[in-house]
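Notes follow the structure.
The values are calculated or read from the model by the stated rules, or taken from the named source; none is laboratory data. The shown structure was predicted, so the numbers you read here are calculated from the model rather than taken from an experiment. Glycine gets a Cβ as well: all are built from the backbone with ideal geometry, and neighbour counts include every protein chain shown.
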Ligand SMILES: C[S@@+](CC[C@H](N)C(=O)[O-])C[C@H]1O[C@@H](n2cnc3c(N)ncnc32)[C@H](O)[C@@H]1O
């Protein structure tokens, strides 16, 4: 069983209630961030055609700066789900993109593409942003001051961070989940269930006596486990020549939980095409935008010809950190 557009199982309703009641105040509050003093990007205004296009389901990939493509998108106000994994301004050598802006310019860039995505979203739409520690706060504040409501602040935890001695090793990125209307959003918890610790560690009979979803639960908001590591080495999903490819299971969880078959999913920073690949495998329509022609070409090959490697890998697993106890006692 899957779909609903209600908030009946919408998670921590107390927290969401607080966000809901404060959204108007925040939208009107005089919040000043560094990027606010920089002039917004002026979109070129040209209507764009996708570079590549497939039917059944409708799948498109545009080449260009997402701020320009979003401004001229024919689907404004119709996108059901946005997933955005922007450049982090960490001086990564992306083809054709300077990932080394001043802090103020990077913040302005961030607000501009976020605004473009918000405009693209339908009134029941949701947005997920994959963002590290140093920019998460600004993204959260900007989405709040635009009146969106936070549903979850998830963490993608990986165990293969870059080794260093100067501080604790970074082993996470934030996965921020906001929506336009918490009472009218797509939320499919049954599509993404994982084994509960009660079932996989403690052998607790009560979970097997439930009337439905025996031994299963909605995943927690820290995500890790099999297939959840960073994509590197000889990982079967790996697309060579791409920077910061995200695991398919991450996109699968987001897409299954927050969209329905036939819905429209948008990724303004397509990279290796993970979002388009997973969306197509699960019968969602999708729009990808990528500024690099070389990167986009490779992404399209993946979306159109290679497809998903680990379909179904995000659901049904256990994320337990202890092995099963023999007696079931504590
Ligand atoms: C972090 S990567 C995305 C990785 C992607 N999630 C994946 O799984 O492969 C960011 C991508 O955004 C692209 N990019 C950077 N600035 C852009 C812009 N203004 N518009 C569109 N794409 C941009 C980069 O070329 C890069 O491919």
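Table for the structure above
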{"read-out": "Selection count, segment 37-77, where residues are surrounded by 15 or more Cβ atoms within 10 Å (Cβ to Cβ) and not in a loop (DSSP other than H, G, I, E, B)", "value": "13"}
{"read-out": "Residue 117, sole failed condition from (1) away from the ligand (no atom under 13 Å from the Cβ); (2) within 25 Å of residue 281 (Cβ to Cβ); (3) buried (at least 17 other Cβ atoms within 10 Å of the Cβ)", "value": "(1)"}
{"read-out": "The one condition in (1) modelled with pLDDT of 90 or more; (2) within 16 Å of the ligand (Cβ to nearest atom); (3) buried (at least 18 other Cβ atoms within 10 Å of the Cβ) that residue 235 fails to fulfil", "value": "(3)"}
{"read-out": "Options 96, 64; residue that is more than 16 Å from residue 120 (Cα to Cα), within 12 Å of the ligand (Cβ to nearest atom), under 21 Å from the mean Cα position of the chain (by Cα) and touching a residue at least 40 places away in the same chain (Cβ under 8 Å)", "value": "64"}
{"read-out": "Residues satisfying the stated conditions in segment 251-270, i.e. surrounded by fewer than 24 Cβ atoms within 10 Å (Cβ to Cβ) and near the ligand (Cβ under 7 Å from one of its atoms)", "value": "269"}
{"read-out": "Residue check, residue 80 part of a loop (DSSP other than H, G, I, E, B) and more than 15 Å from the ligand (Cβ to nearest atom)", "value": "no"}
{"read-out": "Sole exception among (1) farther than 24 Å from residue 226 by Cβ; (2) within 13 Å of the ligand (Cβ to nearest atom); (3) at pLDDT 95 or above for residue 241, by number", "value": "(3)"}
{"read-out": "Selection status of residue 262, at positive phi and more than 12 Å from the chain's Cα centre (by Cα)", "value": "yes"}
{"read-out": "Candidates 146, 198, filtered to the one that is touching a helix residue (DSSP H, G or I) at 6+ places or on another chain (Cβ under 7 Å) and without any contact (Cβ under 8 Å) to a residue 24 or more places away in the chain", "value": "198"}
